[in-house]
1. In 5 Å bins starting at zero, report the fraction of Cα pairs in segment 42-127 per bin as a rounded %.
2. Would you mind getting the Kirkwood hydrodynamic radius of segment 77-131 from its Cα pairs, rounded to one decimal in Å?
3. Sequence-distant or interchain residues sharing an amide H contact under 5 Å with Asp102, placed H: which?
4. Output wanted: per-residue J couplings in Hz (rounded whole) for segment 94-99, from phi through Karplus 6.51 cos²θ - 1.76 cosθ + 1.60, θ = phi - 60°, x for Gly and Pro.
5. Using the Karplus equation 6.51 cos²θ - 1.76 cosθ + 1.60 (θ = phi - 60°), what ³J(HN,Hα) coupling, rounded to whole Hz, does each residue of segment 102-112 give in order, writing x for Gly and Pro?
6. Find out how many positive minus negative residues lie around Ser68, taking Lys and Arg as positive, Asp and Glu as negative, among other residues whose Cβ is under 11 Å from that of Ser68.
7. Probe of 1.4 angstrom, ligands and nucleic acids ignored: what's the accessible area per residue over segment 47-138, in square angstrom?
Amino acid sequence: MNNSLYTTISPEMECSPILSPEEEIMDYALTFMDDVDSREIFDDEPIHNVRNYVASVFLKGLNTQVNSIELHGEWGLEIPKKDTEFISEILNLTGIQYTLKDARFLNIWGHWTHKSFDLIVIDDNNFRVLARKLRNEIVIVGDDH
């Protein structure tokens, strides 16, 4: 006789026990939700990854050129002048402290570069806060040109 169709699971284990609604929520949370606190995601990341993440969020959301660069010893976001007002409003909304500067500089041949770009200087702690908020709270939606 072939017993391959029969199981050896006891009847108590075939169906899950009846749980109260609170127990079901806790069981679901323990089974399917991550243990990582979303506030701590960027606390251990190297700062260059955080800067690149912030730049990529603006790049994808606005469909414009946004770079994380160092200019004259200060790190920040290099953005087109036409998008400066929009990004400044987002930073003001999130409470990020920043300094707005002109991104152009004289190169070694004496020519001005980056004439149509601004530099938003942000310190490392504010970069981490901004990355956390962009990941969890704010969605960037740009205009479709």
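1. 3, 14, 25, 27, 18, 8, 4, 1, 0
2. Values: mean 1/r = 0.0830 Å⁻¹.
With all distinct Cα pairs of segment 77-131 included, I get 12.0 Å.
3. Leu119
4. Result, ordered by residue: 7, x, 7, 8, 8, 10 Hz.
5. Going residue by residue, I get 7, 8, 7, 8, 7, 7, 5, 8, x, 9, 7 Hz, with x marking Gly and Pro.
6. Values: positive: Arg51; negative: Glu70, Glu78.
Net charge around Ser68: -1.
7. Working: 5180 Å² over 92 residues.
Dividing the accessible area of segment 47-138 by its residue count gives 56 Å².
The values are calculated or read from the model by the stated rules, or taken from the named source; none is laboratory data. Small disclaimer: the values here were computed from a predicted structure and weren't measured. We place every Cβ from the backbone using ideal geometry, glycine too, and count neighbours over all the protein chains shown. Ligands, DNA and RNA are stripped out before the accessible areas are found, and what is left, the full protein with its side chains, is counted by its heavy atoms. Shrake-Rupley method; radii C 1.70, N 1.55, O 1.52, S 1.80 Å.
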